[in-house]
1. Sorting check: for 111-117, 55-61, 16-22, which peptide has the highest mean count of neighbouring beta carbons within 10 Å, and how do the rest follow?
2. Given region 86-168, report the % of alpha carbon pairs whose separation exceeds 17 Å.
3. Counting only C-alpha contacts under 8 Å and six or more residues apart, can you give the relative contact order of region 34-171 as a whole percent?
4. Once you charge only the Cβ atoms, +1 for Lys and Arg and -1 for Asp and Glu, what is the size of the charge dipole of the chain about its Cα centre, to the nearest 20 debye?
5. Could you tell me the center-to-center distance, by alpha carbons, between region 103-131 and region 1-57 in angstrom?
6. Which Cα, out of Gly39, Met8, Gly62, lies furthest along the positive dipole direction of region 2-66 (beta carbon charges, K/R +1, D/E -1)?
7. If I histogram all Cα-Cα distances within the chain using bins 10 Å wide from 0, what percent of pairs lands in each bin?
8. Starting with the fewest neighbours, write out Thr71, Thr91, Thr41 ranked by other beta-carbon atoms found within 10 Å of each beta-carbon.
Amino acid sequence: MIRLSKRMSKCLRHDPQRLGLTLDAAGWVDLDGFVDALGVTREQVLEVVARNDKQRFEIEGGRIRASQGHTVAVELDLPVVEPPAVLFHGTVARYLPDILREGLRPMLRHDVHLSASVETAVRVGSRRGKPVVLVVDAAAMSADGHEFRVSANGVWLAAAVPPNYLREHVS
């Protein structure tokens, strides 16, 4: 399941051409064509979608897409929404000096990924070592004209987070 989930993410977020697929402008691809290209069963793909703890994938009608995290050009058409007062970002200590100086940038992705809970930020930061959680003053950012969107799986998205809206979370 994990291996298939990673293959699905790679294809739907980063490299659809590797399997001979083309995402539409919003990141969707035909589900049956996707299943065939992966060389698995429809049931296996549906099980990954249903069991994925991060709900990384969306199915609508006969189409599938990744909820966010793309490095290929897509427009997810997510509406601008008012964020909670604070959001969180998980990282590791080695990146902290650059982040506090330059802010959070999307790097190769389309947006900076933020979470609504400290627990989720800790889990994200833990993927690369001992986590450091940053608090984002989302209310101030929004008041200053920065836009937020939220993906189908609850990941908050922002184009960038300038350093003046960041502080380290103290447990």
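1. Details: 111-117: 19.6, 55-61: 15.9, 16-22: 13.4.
Listed from highest to lowest mean packing, they are 111-117, 55-61, 16-22.
2. Values: 1371 of 3403 pairs.
When all Cα pairs of region 86-168 are counted, 40 percent exceed 17 Å.
3. Values: 227 pairs, mean separation 38.1, N = 138.
It rounds to 28 percent for region 34-171.
4. In debye, rounded to 20, the chain gives about 880.
5. The distance from the Cα centre of region 103-131 to that of region 1-57 comes to 23 Å.
6. Of the listed residues, the answer is Met8.
7. Taking every Cα pair in the chain, the percentages come to 10, 36, 32, 18, 4.
8. Ordered from fewest to most neighbouring Cβ atoms within 10 Å, Thr71, Thr91, Thr41 come out as Thr41, Thr71, Thr91.
The numbers here are math on the coordinates, done by the rules we state, and not lab data. Only a predicted model underlies this, so the values are computations on that prediction, with no experimental measurement involved. Virtual Cβ from ideal backbone geometry, glycine too; neighbours counted across all protein chains shown.
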